[in-house]
Each structure stands twice: as structure tokens, then as C-alpha cells.
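Peer 1: Sending over a structure as C-alpha cells; questions will come in a sec.
The values are calculated or read from the model by the stated rules, or taken from the named source; none is laboratory data. What you see is a predicted model; the values in this text were computed from it and never measured. Ideal geometry is used to build each Cβ from the backbone, glycine not excepted, and the neighbour counts take in all protein chains shown. All accessible areas refer to the heavy atoms of the entire protein, side chains included, with ligands and DNA or RNA removed. Shrake-Rupley method; radii C 1.70, N 1.55, O 1.52, S 1.80 Å.
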Amino acid sequence: MFKVRMADAKFLKDMISAISILIDEATFDLTSDGIKLRAMDPSRVAMVDFEWQKTVFDEYVCGEAMKMCVNISEMMKLLRRTGKDESVELSLDEKTGRLKIAIKGKYTRTFNMPTLEAIEEEVPTPKVTFNVRAKTTTEGLREAIEDASLVSDHVRIEADNEKMVMQATGDIMGATIELKKGSDALLDIEAKEASKATFSLSYLSEIVKAAVATSDIATLEFSTDMPIKLDFKQPKEGKLTFYLAPRIEVE
Amino acid sequence: MMKKIFWLLDVNYEVKNHQPEVWIWGIDDEGKRILILDRNFSPYFYLAIEEKENPQAVMERIQSRREDYPFIVNLKPVDRKFFGRPVKAIKVICQDPNFIEKYSKGLEKIKGVEKCLEHDIRYSMRYLIDNDVTPCGWHEVEVEETENELDIQVDGVYLAKSFPQSVEKTEVPQLKILGFSIICYSPEGASKPEKNPVVIISVATNAGDEKQFVAKDSDDKPIIASFIDYIQNFDPDIIVGYGANTQDWPYLIVRSRKLGFKLSVDRAKTEPHRSIFGHMSLLGRANIDFFDFAEDLPEVKVKTLENVADFLNVMKLEKRRFIEDVDFPKYWENPEKRPLLLQFSKENTQCVMGIADAMLDFAMQLSNLVGLPLDHVGTAAVGFRVEWFLIRRAYKIGELIPERVERPYFPYAGGVVLEPKPGIHENIAVLDFKAMYPNIMITQNVSPDTYVSPTEPEPSGVNVAPEVNHIFRSEPPGFYKKVLSDLISVRDEIRSELEKLSIGSMGYRVLDARQKAVKVITNASYGYTGWVGARWYVKPVAEATAAWGRRTILDTIELSKKTGLEVVYGDTDSIFVKHDSEKIKKISSEIGKKLGLEIKPDKIYVRVLFTEAKKRYCGLLPDGRLEIVGLEVVRGDWAEVAKKVQEKVLEIILKEQKPEKAVKFVHQYISDLRQKRVPYKDLVVWKTLTKRIEEYAVRAPHVEAARMLMKEGWDLSLGDKIGYVIVAGPGRLYEKVKPHVLASYDEVDIEYYMSKQVVPAASRILSMFGVAEDELLPSKAPKTLLEFMES
């Protein structure tokens, strides 16, 4: 059996929202320790690696380990209905295969939705040696990416031990955003060697925009022409990490 | 006096005291190696006499100048035919064949002589033709044993007391075959026999022996000596090599002379010598260079030993550890790597032996059919093979053989090629006319001797070619008609004979090779008519045959349409139609009745893809194989990367019909290319030098590469394949060229290979499915994480 409760429904809503930017159907790994999900978007450019320990929940019951697949945009529709100071309860009816979502506040409404056939495929993590590790405020990162998005659909991120520079070149306009070590935005940076890589802004901005609701501190790791890893520090015992493949520029 | 039955291996002639002697090398029916000397055959040539002249008068004029021509022993007036017309001629019998050329020039000036003929037929060939003696065939001759004065390496020497007669016997005697290859060592640049040693000679025999002669350091004198000894001891009938005529033999000869001895490997213990056909001739042995036969394998584009061996399934490329010439020194100098070079050389010889096993039957049958000795037949271009066959036939019907004349090339209208309907077509049958041109020549009696020129009065009963309006007598049967009818009926006979034999048996192998040889010659006959180097060249013959061919195919298309058979494409002697067995049966029987030609489905394509261009398409056969015609993948100028990508794209499109999957494949391939996961050799572009380097006015990439190689001391000549890569750097393409042997992977301009090779080759196909070229480029296709997940 699987049954969990969370006193603050917004917490769940924000997380599901963050996951929903990459995938439509989410297969969660449910165990007695907590829930996990690792999945790539359909174009295989980005990946989300999410984990919540059972302690994140106010109540957590999971009998034997199982997989549960749901249509995440449908689930989002329901969760969007949650308001301030409302709690949420999820329970899986294993006979009917339907997921029950009960939202309790001023009044109680209980929705149910179908679960889908789970995807058995295990997604490995990318094997990358990262040369740069940068710690930013999530908000500062969001601002910088929003600036870059004004002029182009891709951004080149360069870093050394002193700073991180985002360079966006569009058809008509260009932008350079410099984050210095020790500034409000860039809390810390370490670079084994100066590195640069280019990423799609549509992915990057969606990821950061969604993650900002769940996290205050982000850790970026990358190497030249390698995928970037964005880890958003979670307030409770859990993790939300994204990987994004680089774009290779052609002269 | 006794009779000898023998199989003819080789023939040559010697002249002693102006007395010619034909040397016939054979193997008798007891397996003994024999040499028969024939002193009974007189050399001769003809003088064709002007129409109004009296041969007797001309002969008297020659007699009066007898002192100028001391070796003329007899003059005989004869009646012959020339291009089918009766002519008066004088047969000039000249005791010393080496004087024929000189005499013919003098006698041609005598009043009443129109021209000399057959003075350009070599005496030993003359002997074979006139006596109907065929190489690789069995004969019977009356002989008398004689002294082996010259210490020839044979079991017996005989004097011929009669001319040989051919005997009915198909099996091939037990032949001793030796194959070899050499590796030379030069610390830098191409090796030169004057200074660089032969360090490895790998030998194998069909008796199962394999041997390597390996030099100690750079001292090759002992190993060449051992190699000579080995040949003399094994005493092969046939020596096979690959590129031996142009490389191995000349190198060994020069090297031996330099070292102070003679490369006496033949049966008369003399050096190999270059013959008029360009091959190296070894007295008493047949020296065969299978590189000459690689021309007959159009499927193999770059005709290297390893590629031919791969194609013939002798040794697959994947199984070979290939070493480039330039790397020989590295391997030879390093004691740890030297065994690899020895292995490589050993495998080269194994490939040579394997190729010999696969092709020797064919070579022998071709030699037997056209009458050129086994060691000549490979070197002779296809036109010459057809011609020697015709010459034998001409002799039998009293036709004089026209002389060889230099003529300028002229183009003429060839076959019909329809505009294809671009895109994918399902279930397409290819209907082929069986030997269309030979059959046209037979049914229309097209021949040099049946042609009626516009200045001649038109006889009754003629065939007039469409479009070009050339006229041919319909009776009596022309030279070509007779020859071709015979060839076709002979092949039919062999094929019905084959059905009685079990596949793989000795008899089957021989007859199968025979029918292939007959087919090759039959199908080459039309090409011969249009070859300006042909002795029987008559321009209207080629033009008329082509015109009848066009009419045939157009009539067939018309008929198919009327029958309701959709025609999607047509080329020369085949049409591509929607497969419908009933309708196909109907039109083939109608064509048989109306045109007297046989058309039948040659193959069925499950699916075929046409581009908008003619002669460029790709079909999927029911067994899953792809047949690619004329696309980049089979043309020059492209590196293997382009070919591989295009072939794979075609495969995905034709088998799965998923362009999006093909696009993904291209992205992945480009990613591999950028990460240098593509083998270096796949980046090499191969092109042939068609002129001498100095004659090139333009700065073409392969010419630039060739120049660089020559600077490094490489010997290059016409016909050599030059391999080059494009390296990174500024400038035009020809400024970015480097010979592949001198460049390294790190220098390669990956962007060039991506945007100028891989993407255009893929786009050639994918553009037909609405995929734009820039969709194939990775800038529009972000990398995926998957690429970073593989180990």
C-alpha cells in the first residue's frame, strides 16, 4: 500500500511543477524510504533527478517497493487547485490502479486519476568530470538567465576561479552578464580549469524558473562542451537535480 | 616418331640464323612438363592488290627486286575477303618473322599494291591462329625426342613433326602454382631498388607450402637467392602475384642486377622480360598478375589486394591487420612490431593465392576462348580480347584482318535513359533484355561486312536502322552475326550441360568458368563496335546498333503502357515496372513475337528509391540487400564517411521508411566524427591520376597530393590512385590537401568532412523527404545526454 500526507500542499505542488517542465508521464519509485524519480525529457536533452526521503512527508506509508506512473500535467491540473494552508493526501488503490488525491482545507475534495503503465527503463546519470563548481542564489541565477533570454535562445557560460560570465548572442542584440565571486548572486566558485559551454536558454530558463520555488541555493557544475548539472538545494531531506546537454556551436 | 598429347601453357618463338622456331610449353597427359619445338611453320603476310591490277604482274614486279628482300621465300596469289568483299591478294612468305615489318613497308610502295595486311600479327600468334591451337587446351602432335641442349627445365624436349591438332578434353592438368609478394624497406620515402633492399618475400604454393624469406638487417642478397632457388626447386607452371607486373618483378630484377646476379626464375633460367602486352613474361611459366583481372570487378572501387580479397571472400577486411606502406620502416625497425609486418606479408600472399583460386578457372577459359596465352589475357583490355576472338574466326572464313588504325574518338548517341519519377516506389520489377545488342546485331545482320555505304548501289533485301538510316544487307549472314550466333548457342549448350553436372565438381567449375567467359565476350561485342581502336571499326555499325536498341526499348515502353503496366524508369536495355506477373508474362511473349527478343524479369525490388537524376537510384532486394546505382556512395571524390552515411540513410529509408530515424542517425554519426571515433581511413578520398602530373593545368586536390608525394620521393604514374585528406587551415580546398600517408588524424578538418561530405551525402536522399540540410547540422540539433552516458 502507498499512502502519504503533506501538511503544506504548496510544497508538493511546486515540486510536481518543477518535474512537469521536462516530462509528461512520470514514473515514481516508491519504497519504504521515500520516493524517487529520474527521467529524461522526450528529446533526451535534459534530465531530472528527484528524491524525497519519507521524513519530508508528515505521514508516509509504503508497503512493498513499487513503481507508479502518472500523467504529470493532469496531476498538476488538480494540484493547482490547492490553496494556502491546505494539506494534501495521496493514496494508491492498487486494485483499481487509481491514485486518490485528497485536498483538505476549508473543505475537502477528493480527486481520483488513473495510473499508467510504468516505464521500467533505468536512466543512468551522465558520466562527466566537472571542472567548474559554482554556488549561486537561485534567484540570482534566474535573473541572469532572464537577462540572457532577452536577446537569444542560447547562452555560453564561461567560468574561471574568479567569475562566471554568460554570453548571449542573438540575431540583432547581444548580452554579457558577469557574476563575480563573492557577489550576492555568485556565492562561491572553483574551477580546475577555465571552461565554457553553450546551452539552450529555453530549457535553462524553464528549469530555473520552476526550481526557484523549491530552493534558494543552486550549485552549477560543468566542463567545456559537456552537460551542465544544476543542483537545487532542498530545505528538507531530498534532492532536485537537473542535467542539460550542451549545444555544440558550428562556425 | 611418336604422338604427344599435351595441354598448352605458354608459347613463344625464337629465331636462329633467320630460321624461326615456335616454342610450345605444355604439360602432357602423364603430367610431364614438355617443350615442343616447331620449325615447320612459315611466317607470312598479305599484299592486297588494287582492283584493276593483275596479281601476276605485281608478283613479277616484286621478283624483279628480289635482292632487296632476301628472306622472301615464296609469293602466292590468293583469293580472300576483306570486309566481306572478295579481294585479290598475294601471300608473301617470309622466312624470318623479324623482317616482316620492314618488308611490308617496302612492298606497300610497289605499284598495284593497295596495302599490306596481317604484317602486324605476331608470329607466335599467327602460329596459334593458323593451326587452331588454343592456350589452356589439349592438343595432339607428332614428335621426335631431341637433346635438351639449352638445359631447359622440363622433363623432355621434342621436335614437332606435324602441326598440333586440338583434342576433345576438358579437364585441366594438375598445375603447380606459386604465389608471392614482397616487402621492401626504405628508411624514408618510397623504396628504390637501386638502393633499398627487399626485406621480406612471402611465398605460398598450391602444394600447401608457405615460406618466408626474411632479410637479416638490410642484407637481401641471400633471400633473393633463396627465393630463386625455391622457384627452381618447386618449378611452378603458374606464378601469381598482385601488382607483380608493375612492381614486384621490376623491383626484383633491378635489385638482383644491382646485387650482381640474374633473377633467373623461368624455365630457360633467364630473367623475366617485359612483353609487348606490358606483362612480365617468364619463359615456360605463366606469370599472372591478378591486378589485371581486378578490372573485371567493377564492384571493387579501389582495386587494392585487400579490397579484392575481401570482395571475393578470400579474406575479409575485418580480419586483417592492415599496415600502410609508409609504416613499413616503423614495423621493420622495431623488433616487437616486426612479427606484425611478417604476418601482414604472409597474409598478402595468402590473399594472392585465394584470388588465384577464385579466378584462375575463369582466366584459363577466357584464354582458351579468345586464344590469347594465359599470361597475356589478363593484361589485354576487353576490346583486344574480343578482337583476338574475332581474328581467329576471320581466319577460318578467309577474311583478311584489317590493320590497326589510329582514329580520333567520336561520340555517338547511345541508349535511352528515361527520366525517373523521384521518390519511393514499391514492388518494382526490372525487366531486362537478354543480350539486347548482340541479338539486335544478329536479327538485323549488323556487321562491318554487311554495311552498305551511301555510295554503293542498294542491294535487294536490306535492313534500315531507325533514326540514323544506315543500311545493312539482310543476306548473307554477316561476320558478326555468325560469330555472335555461335557464341549464344555455345553458351546455351554449356548451360544445359551444366545442369547435368553436380555443382562444385571439377567439370562444373570448368564449364561454369567457360560460360562466364563466353558471356563476357558476347556482351563486350557491342562495346567493341564503338571502340575507335578496333580493327573492324565501322562507325555506322555502332550507331545503327544503338539506334535499334533505342527503338526496342521505346517500343517496349509503349507496349507496357498499352498493357496497363506502369513504367517508372528505363535505361538502355531494361525497364522498371510495377510488378504484375500476369501483365509481365503477356508483354514478354508479345515482345518475343514482335521483336524476336527475349525480355524477362531480372529482379524484383521490394522498394526502390529514385532521385530526380538519371542513372541514380537505390533498390531494396527481397533478401534485404541494397543495390545502389550511381549515387555518391559509388562515385569518386567522396570519402568513405559520406558513402557510409548515405548507405545507412538509404537503408533506413528503404527498410523502415523513417526519415526521422535517418536524421537521428546522421546526428549521431556527426557526433562520432567530431569525437574522432570514425576510422581515419574513412576520411581518405581516392582519385586516379588520369594524366601525367606535368599535364595537369588545374590545381585539383589529388594532383596537389600527388605532387607532395613525389617530393617525398614517391614514384607515381598514370593510373595510380592517390589518397588524400583535407586538413584544417585557411585557403582553398586544394591548399588544404595532404596525402593520407603524410597526414595525421589531429590535422584533419572535421568541419569539412561534416559540412562537405557527410551532410551533403545524407541530404541528397533526405531532402526528398522534406528534411532541410541545416536540420542535419548539429547546431540545430542540441546534443543529447545519451551521448554522455555511454562509457
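Peer 1: Suppose R0 equals 45 Å. What FRET efficiency, 1/(1 + (r/R0)^6) with r the Cβ-Cβ distance, do B:Leu501 and B:Lys614 give to the nearest 0.05?
Peer 2: Given R0 = 45 Å and the Cβ-Cβ separation, E is 0.60.
Peer 1: If you don't mind, there's one more thing I want to ask. Amide H neighbours of B:Val87 under 5 Å, counting only residues 5+ apart in sequence or on other chains, H built in-plane at 1.01 Å?
Peer 2: Close amide H contacts, sequence-distant or interchain: B:Arg80, B:Lys81, B:Phe82.
Peer 1: Which residues in segment A:119-139 have a backbone N closer than 18 Å to a point placed 7 Å from the Cα of A:Thr219 along the Cα-to-Cβ line?
Peer 2: Answer for this model: A:125-139.
Peer 1: If every alpha-carbon in segment B:181-325 counts as one equal scatterer, what log10 I(q)/I(0) does Debye give at q = 0.09, 0.14, 0.15 1/Å?
Peer 2: -0.29, -0.73, -0.84
Peer 1: Cα-Cα over 20 Å: which of B:Lys192/B:Lys221; B:Lys262/B:Lys346; B:Lys561/B:Lys593; B:Lys52/B:Lys111; B:Lys583/B:Lys603; B:Lys211/B:Lys681?
Peer 2: B:Lys262/B:Lys346; B:Lys211/B:Lys681
Peer 1: List the aspartates and glutamates whose Cα sits under 12 Å from the Cα of B:Lys316, skipping any in the same chain fewer than 8 residues away.
Peer 2: Those aspartates and glutamates meeting the cut-off are B:Glu306, B:Glu347.
Peer 1: B:Tyr127: net charge of surrounding residues, Cβ under 12 Å, Lys/Arg +1, Asp/Glu -1, itself excluded?
Peer 2: Counting the neighbours of B:Tyr127, the net charge comes to -1.
Peer 1: So how exposed is B:Trp7, as accessible area in Å² (1.4 Å probe, rounded to 10)?
Peer 2: The accessible area of B:Trp7 comes to roughly 0 Å².
Peer 1: Ok, one more. Work out the length of the dipole vector of segment B:503-579 about its Cα centre, built from +1 on the beta-carbon of each Lys and Arg and -1 on the beta-carbon of each Asp and Glu, and round it to the nearest 20 debye.
Peer 2: That gives a dipole near 240 debye.
Peer 1: Sticking with this one: Could you give the size of the charge dipole of the protein assembly as shown about its Cα centre, using +1 on the Cβ of each K and R and -1 on the Cβ of each D and E, expressed in debye and rounded to the nearest 20?
Peer 2: 1600 debye
Peer 1: Something else: Pop out the ³J(HN,Hα) list for segment A:167-183 in order, Karplus 6.51 cos²θ - 1.76 cosθ + 1.60 with θ = phi - 60°, rounded to Hz; leave Gly and Pro as x.
Peer 2: Listing the rounded values in order: 10, 10, 10, x, 5, 10, 10, x, 8, 10, 10, 10, 10, 8, 4, x, 6 Hz.
Peer 1: Separate question: Once the piece of chain linking B:Lys396 and B:Glu426 is laid out straight, how much longer is it, given 0.36 nm per residue of separation minus the C-alpha distance between them?
Peer 2: Result: 5.6 nm gained on full extension.
Peer 1: Oh, and also: Lys/Arg Cβ at +1, Asp/Glu Cβ at -1, dipole of chain B taken about the Cα centre: which of B:Tyr123, B:Leu282, B:Gln212 is farthest positive-ward?
Peer 2: The residue sitting most towards the positive pole is B:Tyr123.
Peer 1: Next up: If you count only protein heavy atoms and use a 1.4 Å probe, how large is the accessible surface of A:Tyr243, to the nearest 10 Å²?
Peer 2: Solvent-accessible area, nearest 10 Å²: 20 Å².
Peer 1: Can you grab the distance from the C-alpha centre of segment B:346-415 to the C-alpha centre of segment B:606-627, Å, no decimals?
Peer 2: Between the Cα centres of segment B:346-415 and segment B:606-627 lies a distance of 33 Å.
Peer 1: So how strong a dipole does chain B carry about its Cα centre when Lys and Arg Cβ are +1 and Asp and Glu Cβ are -1, to the nearest 20 debye?
Peer 2: Charge dipole, chain B, about its Cα centre: 1460 debye, nearest 20.
Peer 1: Still on this structure, please answer the following. Over segment B:562-665, calculate the relative contact order: mean separation of alpha carbon pairs under 8 Å at least 6 apart, over the residue count, as a percent.
Peer 2: 13 percent
Peer 1: Still on this structure: Hey, rough spin-label estimate for B:Val629 and A:Glu162, points 7 angstrom out along Cα→Cβ, what's it come to in nanometres?
Peer 2: 6.8 nm
Peer 1: For B:Arg473, A:Arg98, give me the order by solvent-accessible area with a 1.4 Å probe, most accessible first, ignoring ligands, DNA and RNA.
Peer 2: Reading off the accessible areas and sorting them downward yields A:Arg98, B:Arg473.
Peer 1: Right, something else. Per the Debye formula with a single identical scatterer at each Cα and no solvent contribution, what log10 I(q)/I(0) holds for chain B at q = 0.05, 0.09, 0.10 Å⁻¹?
Peer 2: -0.33, -1.08, -1.29
Peer 1: State the volume of the convex hull built on the alpha-carbon positions of the protein assembly as shown, expressed per residue in Å³ and rounded to an integer.
Peer 2: Hull volume normalised by residue count: 252 Å³.
Peer 1: How many angstrom lie between the C-alpha centres of segment B:1-57 and segment B:243-306?
Peer 2: Between the Cα centres of segment B:1-57 and segment B:243-306 lies a distance of 26 Å.
Peer 1: Further question: From the backbone phi of segment B:576-581, what are the Karplus-calculated ³J(HN,Hα) couplings (6.51 cos²θ - 1.76 cosθ + 1.60, θ = phi - 60°) in whole Hz, Gly and Pro given as x?
Peer 2: Those phi angles translate into 9, 10, 4, 5, 7, 4 Hz.
Peer 1: Then there is this: Please list, ordered by chain and number, the residues whose modelled amide H lies under 5 Å from the amide H of A:Asn112; skip anything fewer than 5 residues away on the same chain.
Peer 2: Amide H neighbours of A:Asn112: A:Ile101.
Peer 1: Here is a follow-up. Provide the FRET efficiency to the nearest 0.05 for the B:Lys109-B:Glu695 pair, computing r from the beta carbons and using R0 = 45 Å.
Peer 2: Efficiency at R0 = 45 Å is approximately 0.75.
Peer 1: What FRET efficiency comes out for B:Ser485 versus B:Glu598 if R0 is 22 angstrom and r is the Cβ-Cβ distance? Round to the nearest 0.05.
Peer 2: 0.95
Peer 1: For B:Asn313 paired with A:Arg44, estimate the spin-label separation in nm (one decimal), with each label point 7 Å from Cα along the Cα-to-Cβ line.
Peer 2: For B:Asn313 paired with A:Arg44, the spin-label model returns 3.5 nm.
Peer 1: Then there's this: Would you kindly find the accessible area of B:His376, with a 1.4 Å probe and non-protein molecules such as ligands, DNA and RNA excluded, rounding to the nearest 10 Å²?
Peer 2: Counting only protein heavy atoms, the figure is 20 Å².
Peer 1: Let me ask something else about it. To make sure I understand the rule: partners must be lysines, Cα under 16 Å from the Cα of B:Lys615, and not fewer than 8 residues away in the same chain. Which ones qualify?
Peer 2: Straight-line reach from B:Lys615, under 16 Å: B:Lys421.
Peer 1: OK, next. Which Rg and Dmax, in Å, describe the Cα atoms of segment A:132-235?
Peer 2: 12.5, 41
Peer 1: Using helices alone, I'd like the mean residue ellipticity at 222 nm for chain A: each DSSP H run of four-plus residues gives -39500 (n - 2.57), total over residue count, nearest 500.
Peer 2: -5000 deg cm²/dmol
Peer 1: Net charge around B:Val678, counting only other residues with Cβ within less than 10 Å of its Cβ (Lys, Arg = +1; Asp, Glu = -1)?
Peer 2: +2
Peer 1: When the label point is put 7 Å from the Cα of A:Glu120 along its Cα-to-beta-carbon vector, which residues of segment A:54-87 have a backbone N closer than 17 Å?
Peer 2: Flagged as within label range: A:65-69.
Peer 1: Another question, then. Given the alpha-carbon gyration tensor of segment A:2-114, what are the semi-axes of its equivalent ellipsoid in whole angstrom, ordered largest first, with each equal to the square root of 5 times an eigenvalue?
Peer 2: 21, 17, 14
Peer 1: Carbon and sulfur: what percent of segment B:430-513's accessible surface (1.4 Å probe)?
Peer 2: Ligands and nucleic acids excluded, carbon and sulfur reach 53 percent.
Peer 1: So what is the 222 nm mean residue ellipticity for chain B from helices alone, if each DSSP H run of at least 4 adds -39500 (n - 2.57) and you divide by all residues, rounding to the nearest 500 deg cm²/dmol?
Peer 2: After summing the helix terms and dividing by residue count, I get -10500 deg cm²/dmol.
Peer 1: OK, next. Using θ = phi - 60° and the Karplus curve 6.51 cos²θ - 1.76 cosθ + 1.60, what whole-Hz ³J(HN,Hα) does each residue of segment B:129-138 get, with Gly and Pro shown as x?
Peer 2: Here the 3J(HN,Hα) series is 5, 5, 9, 6, 9, 10, x, 6, x, 8 Hz.
Peer 1: Please report the net charge: other residues with Cβ closer than 15 Å to the Cβ of B:Arg514, K and R +1, D and E -1.
Peer 2: -1
Peer 1: What aspartates and glutamates does B:Lys676 reach when the alpha-carbon gap must be under 13 Å and sequence neighbours fewer than 8 apart in one chain are set aside?
Peer 2: B:Asp746, B:Glu747, B:Asp749, B:Glu751
Peer 1: Now for a different question. Starting from the 7 Å offset along Cα-to-Cβ, what nm value, one decimal, do you get for the label separation of B:Leu418 and B:Glu406?
Peer 2: 4.5 nm
Peer 1: Before I look further, what does segment A:132-235 give for accessible area per residue, probe 1.4 Å, in whole square angstrom?
Peer 2: It amounts to 47 Å² per residue over segment A:132-235.
Peer 1: Can you pull out the buried accessible area for chains A and B, both sides counted, probe 1.4 Å, rounded to the nearest 100 Å²?
Peer 2: Buried area between the two chains comes out at roughly 1400 Å².
Peer 1: For the full complex of protein chains and a 1.4 angstrom probe, list B:Asp672, A:Asp216 by accessible area with the highest value first.
Peer 2: If we order B:Asp672, A:Asp216 from most to least accessible, we get A:Asp216, B:Asp672.
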